[in-house]
1. When the chain is treated as a GNM, springs tying every alpha-carbon pair under 10 Å, which of Leu39, Leu274, Leu98 comes out with the largest mean-square fluctuation?
2. Which entry in (1) 387; (2) 183; (3) 155 is this structure's computed volume of the Cα convex hull per residue in Å³?
3. Work out the length of the dipole vector of the chain about its Cα centre, built from +1 on the beta-carbon of each Lys and Arg and -1 on the beta-carbon of each Asp and Glu, and round it to the nearest 20 debye.
4. Which ³J(HN,Hα) values in Hz, rounded to whole numbers, follow from the phi angles of the range 198-215 under the Karplus curve 6.51 cos²θ - 1.76 cosθ + 1.60, where θ = phi - 60° and Gly and Pro get x?
5. For a quick check: sort Val55, Val248 by the number of other beta carbons within 10 angstrom, fewest at the front.
6. Calculated from DSSP H runs of 4 or more alone, at -39500 (n - 2.57) each and per residue, what is the 222 nm mean residue ellipticity of the chain, nearest 500?
7. Starting from 0.36 nm per residue, how many nanometres of slack lie between Asn38 and Asp227 once their C-alpha separation is accounted for?
8. Give me a comma-separated list of calculated 3J(HN,Hα) values for the range 172-188, in order, Karplus coefficients 6.51, -1.76, 1.60 applied at θ = phi - 60°, integers in Hz, x for any Gly or Pro.
Amino acid sequence: MNARTHETEGGLGTMDGSVTPVQETGLAAGPIVVEARNLRKVFTPQDGNPPVVAVEDVSFQIRRGEFTVLLGPSGCGKSTTLYMIGGFEKVSGGELMLHGKPVAGPGPDRGIVFQDFVLFPWRTVLGNIMFGLEMMRRFDRAEIRARAEHYVQHLGLAGFENAYPSTLSGGMKQRIAIARTLATEPEFMLMDEPFAALDAQTRDRLIADLSRIAGEQNTTFVFVTHDVREAIRLADRIIVFSPRPSRVVQSIQVTLPRPRDSYDPRLLEIDRELRSLIGRHAPDDPAS
């Protein structure tokens, strides 16, 4: 079995172009929960400048329980696409369906983790994690605390429950943000370059932890990054975006088992092929 496959018309194919039937890839066969069809997003500046086409013609599918990575260069529209899935940005054209219905706005079924930590400085670690559960108004105080304490343990925050964000490192702050979102048990976990501001060692540890969590839960993850290695270590599916105005270059399945070793030759092979694919679609003029 190949460690990676890519979608082609009528089936899935390896990156060298040979076609393999879908049922032979070993991919998850969960139901489609997100579908974009010819998705388009245009921003109209208030200062009278011309409209900016952020997303031109994007189509893809995401299945339940998949860890899907939107991969592409900075400014290609992948974060905008994530925010449209979250309901924070309106669709300008095409269709974006959630369980077969158009995305109408944000909802508790979609939790989001931003690149910035967005924590409450006056709340402790435990208090920050409890906040989302409190807003749901579904659990009593004891249940809220029990759920928050579970994710304190799960995200490696034990011993810091009573600490305040100002006393913690960037990696610890991002662990709090992830724990706060996971604690509400959303169906979809949307993550916008959450590790981009972290140092390499901290990022590596968080990737390993997130990969473990994804393997333990049935949450559907949609994760934005421009880092190829990060994408391969996390993803079941990598949707590769072209430079803006974005289109989907390719949708690639990664079937390597978790946990994934950065130095696994199969991972390195996918890394090389992905970088080659992205390079072939880079603009001729770097300033364009």
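1. Leu98
2. (3)
3. The dipole of the chain has a size of about 500 debye.
4. So the J values, rounded to whole Hz, are 9, 6, 4, 5, 5, 4, 4, 5, 5, 4, 4, 5, 5, 4, 4, 5, 4, x.
5. With the fewest neighbours first, Val55, Val248 line up as Val248, Val55.
6. For the chain, the value works out to -9500 deg cm²/dmol.
7. 65.5 nm
8. Per-residue couplings from phi come out as 5, 4, 5, 4, 4, 4, 5, 4, 4, 6, 4, 4, 7, 6, x, 5, 10 Hz.
Here, each number is a calculation from the coordinates, and none is a lab measurement. Every value quoted in this text rests on a predicted model; they were computed, and no experiment measured them. Here the Cβ is made from the backbone with ideal geometry for all residues, glycine too, and neighbour counts use every protein chain on show.
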